[in-house]
Amino acid sequence: MQVSVSATSGLERRMEVAVPADRITTAIEQRLKEISRTARLKGFRPGKAPLPVVRKQFGEQVRAEVVGDVMRSSLAEALSREKLTPAAGPRIEPIAVAPGSDLKFAATFEVMPEIEVRSLERIAVERPRATVEEPDIDAMLESMRRQRPTFAAVDRPAREGDRVTVDYTGRMGGEPFEGGDGKDVAIIIGSRQSRPELEEGLKGAVAGEARTITVKFPTELSNKTLAGNTAELALTVKSVEEQSLPAVDEEFCRAFGVEEGGVQALRAEVRKSMERELADVIRNRVRTQVLDALYAENPIDLPRALVEDQVQQLQIDAARRMGVREASKVPPRQPFEAPARRRVALGLLMGQIVKTEGIPVDRQRVQSRIEELAASYPNPEEARRAYQHNPEALRQIESVVLEDQVIDWILERAKVTEVPMSFKEITGFGQNLDPGAEAQGDNKSDERAP
């Protein structure tokens, strides 16, 4: 077998392979003999048809099969001989396939880049350091109280924090529009869950009052009828209710699943949850810094095929999140090119570290991850068994664990600086929290007027 390789551009290679004709002929004859042992041909007992008859009946089909098989096997042999690793499936182009002549074909493919990870001492990481303090727990309990408000009707003008229930009819340009009517719509003033003009316009309203409020819709609404337009809403105020929050007592504790131990037990559970959240946020911040630095410090040529596969996967994921099912409505590829290149590059870099350093998957960490995931299910034991007996799910968990191990390995060599911070600074807890926001539920919709 003769093999020649030439570089066309970047990582792309063109390999030409020539296979002697006698190798093809021998393989064809051997396969025809195998067929003749079992072939059922008219006029002959099974397996008794003469080879020339079998050749006449099956010769062309067998030759096509043999040529295809020899192309695949000789290509694998040639790649091994030349020590080349294609990044994706080669494009095969027949050059000469005539009977009696040498088989010649070309394969075009991109090779995996040569990767050498640069010194990791240049990577600088700031690791936030914080603890959960009692005031943080107090703030979280206050947030939990806001998740369970009660409302009582009041005979006074509506003010901040009140829930106002209205019926409304909307018009644009004096004409009604689809989705412009609503019945018994509850709006919490100050929650920022409805249009700002609407919440502001309901201040001072009393039960039984009729008001007309002008609303300007954002241009980015999915409802193109409303997007960028102005509507007038004729409202009838049906009730004004004052909001009150529950006391942190035994009943409140039971509402959050704490049956014994009262408030102290609830605070302990809240602390554990906040500490887990804090640890997750810190780990993700550090992880992002490590990956950003690894990517920036190690520019590499990337196979186009791998990048394109990643772009398509990101497009599919985005379409799935958006509920898009038609291929024509999949998001355009351009916004995904940069993140796709980053993913491919980091995958190659981390894979090289695993290979070079011989980092094995930590089975104990895999088991711990399974336990952590299973704990979130109603039946943890059943979920645990499901993860352990699902090869694809197990591979994904192993991949995540191995990535964590590589990041830990990098951190041992990087320059890490501890940065004191508070729980709120790290997690952002409470920064966008508005009284009553949690209680608004699903009243907000870009398809409806409020």
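The values are calculated or read from the model by the stated rules, or taken from the named source; none is laboratory data. In this text the structure is predicted, and so the values were computed from the model without any measurement. Here the Cβ is made from the backbone with ideal geometry for all residues, glycine too, and neighbour counts use every protein chain on show.
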Within segment 199-235, can you find the residues that are closer than 21 Å to G161 by Cα, exposed (fewer than 15 other Cβ atoms within 10 Å of the Cβ) and either basic (K, R) or not assigned by TED's automatic domain parsing to the domain that holds V185 (or both)? K203
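Looking only at residues in segment 347-394 that are among the charged types (D, E, K, R) and closer than 27 Å to Q310 by Cβ, which one is farthest from the chain's Cα centre (by Cα)? Please lay out each step first, then the result.
Residues of segment 347-394 that are among the charged types (D, E, K, R), as a first pass: 355, 357, 362-363, 365, 369, 371-372, 381-382, 384-385, 392.
Still in the list and also closer than 27 Å to Q310 by Cβ: 355, 357, 362, 365, 369, 392.
Values: K355: 26, E357: 28, D362: 24, R365: 22, R369: 18, E392: 16 Å.
Applying the filter and picking the extreme gives E357.
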Which numbered condition trips up E260, out of (1) exposed (fewer than 14 other Cβ atoms within 10 Å of the Cβ); (2) assigned to a helix (DSSP H, G or I)? (2)
Report yes if some residue within segment 35-52 is modelled with pLDDT under 90 and among the polar types (S, T, N, Q); otherwise report no. yes
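Select from segment 393-450 the residues that are under 30 Å from R146 (Cβ atoms) and of a type in the set (K, R) and write down the one among them that is modelled with the lowest pLDDT. Explain how you work it out, then say what you get.
As a first pass, look at segment 393-450 and keep what is under 30 Å from R146 (Cβ atoms): 420-450.
After this cut, where a residue has to be of a type in the set (K, R) as well, the list is 424, 444, 448.
Working: K424: 94, K444: 41, R448: 45.
Filtering segment 393-450 for residues that are under 30 Å from R146 (Cβ atoms) and of a type in the set (K, R), the one modelled with the lowest pLDDT comes out as K444.
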Go through segment 110-153 and report how many residues are touching a strand residue (DSSP E or B) at 6+ places or on another chain (Cβ under 6 Å), farther than 30 Å from K415 by Cα and surrounded by fewer than 16 Cβ atoms within 10 Å (Cβ to Cβ). 3
Assuming L84 fulfils every condition listed in (1) over 26 Å from Q310 (Cα atoms); (2) in contact (Cβ under 8 Å) with a residue 40 or more places away in the chain apart from one, which condition is it? (1)
